[in-house]
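The structure appears below as structure tokens.
The values are calculated or read from the model by the stated rules, or taken from the named source; none is laboratory data. Being a predicted model, the structure only gives us computed values, none of them experimental. Quick reminder, even Gly has a Cβ in these numbers, built from the backbone with ideal geometry, and neighbours come from all protein chains shown.
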Amino acid sequence: MPVNFDEYPETDRQNFVRYNPAFLKAVFGQEELLPFWVADTDFRVMPELVQALSARAAKGLFGYETKSPRLKEALAAWYLRRYNLQLNPRGLLFTPSVNTSIAAIIDAFTAPGEGVIIQPPVYQAFMGIIKSLGRKIVNNPLTFAGNRYEIDFDHLEGVAKEPGTKILLLCSPHNPVGRVWQEEELARIAAICTRHNVLVITDEIHGDIVYPPHQYLGMLTVYARYSDTIIMVSSAGKTFGMPGLVDSFVFTPNRAYHKAIKKQIERYHLDKSNAFANIALQTAFTAGDAWLDEMLTYLQGNINYIASYLAAEIPAIRFPVPEGTYQIWLDFRPLGFSNDELQKFLVEKAGLALNQGYTYGPGGDGFARMNIASPRKMIRQGMAQLATAVRSL
Ligand SMILES: Cc1ncc(COP(=O)(O)O)c(C=O)c1O
């Protein structure tokens, strides 16, 4: 059954973080905004998912559940079928969310004060996790040549060889700048990190959201040529529009790491499974290919629409064309605002809730992130509000 991505499903969204009035008020100072901030989708999920979940609910039995071998096999088959990435289903571990996985792993593999490299501007929760665990943020800022972000490998080598640096937390594909790291870039990271005994945690939650001709390449595939000192964390939440429903999964080819992560999961009782997550994951990974491909085409259409609209109506505002993720990283620097002024402009003049660039760390000043996983009508409305606001300056 084809999905109508143009549809804006009518439902009460008050409890969705993106639409929640209290969250909007706390972050933006007002509630009446068109929300393009939190990174989830506005689309109805695939019909097979609704059917499977309804059938599960109709059973009326909700005892403690464990992750089923069928689900693990479906997950591994997805990665093999779509990306030629081999994951041994028996090696998969689960926690309630990707951020939970990252925190648990950093906690298990480092001591307070030790350094974790991140590549800003990057997903802001990374900084919060590292700080709240009392670890040190080690920045390896991306460089921006005006249309594409790149990794500064010399700088990476410099920080990786510092004695206190223990982990590189890689965002692959990268949120918010939309890069899909190529094989050569991943290989250079792998060479540097293995040379200096830096463990790589690769967060690949956006791995399925990649636009042709770009292709997602799992860091595990590249790393296999170097070492097994790598841990992948991911989730199907972004891919299938269900971050409120499912857990995250963790995979490492290293047996000792697997044991250590398992111990950490047991320590904090992170493996309590949810009956709906089980069936949702199994269904999505088994039957989700066509739906995902349709969503990617629709998202690409949104990106093209925004690029044309900006070029025609607000040429001062541009964005590096995303290779992956459903975020665009709008460059407002030509408008000459301070971060406070940009926030005021977006909220008070444009009526938009976007994520402020500076919250993504060094390199983020003057940018704002926009989530484009919404029906075209809402995207059009957002662009029109932005154009009116810019014209009023
Ligand atoms: C790179 C990255 N990692 C993790 C997350 C959060 O994942 P979870 O909700 O499973 O903690 C996000 C959400 O935007 C993200 O962009």
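Just a few scattered comments:
- Complete set of residues in region 145-155 that are in contact with a Lys or Arg (Cβ under 8 Å, 6 or more places away or on another chain) and either over 22 Å from Glu183 (Cα atoms) or hydrophobic (A, V, I, L, M, F, W, C) (or both): Ile151, Phe153
- Wholly enclosed helices (runs of 4 or more DSSP H) of region 53-139 bearing at least 3 residues in contact (Cβ under 8 Å) with a residue 60 or more places away in the chain, in the same structural domain as Val210 (by TED's automatic domain parsing) and more than 16 Å from the ligand (Cβ to nearest atom): 69-83
Here's the yes/no breakdown for (1) more than 16 Å from the ligand (Cβ to nearest atom); (2) at positive phi; (3) among the aliphatic types (A, V, I, L, M):
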site	(1), (2), (3)
Val200	no, no, yes
His206	no, no, no
Gly237	no, no, no
Ala256	yes, no, yes
Ala260	yes, no, yes
Leu270	no, no, yes
Met295	yes, no, yes
Leu299	no, no, yes
Ser308	yes, no, no
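- Single residue of region 36-52 satisfying the filter (farther than 30 Å from Ala350 by Cα and buried (at least 17 other Cβ atoms within 10 Å of the Cβ)) that is farthest from the ligand (Cβ to nearest atom): Ala52
- Evaluating Asp154 against the criteria (1) of a type in the set (Asp, Glu); (2) more than 16 Å from the ligand (Cβ to nearest atom); (3) in contact with a Phe, Trp or Tyr (Cβ under 9 Å, 6 or more places away or on another chain) leaves one unmet condition, (3).
- For region 1-18, the set of residues classified as within 16 Å of the ligand (Cβ to nearest atom) and within 22 Å of Met370 (Cβ to Cβ) consists of Phe16, Val17, Arg18, listed by residue number.
- Any hit, region 180-194, residues being of a type outside the set (A, V, I, L, M), surrounded by 23 or more Cβ atoms within 10 Å (Cβ to Cβ) and either more than 26 Å from Trp291 (Cα to Cα) or more than 16 Å from the ligand (Cβ to nearest atom) (or both): yes
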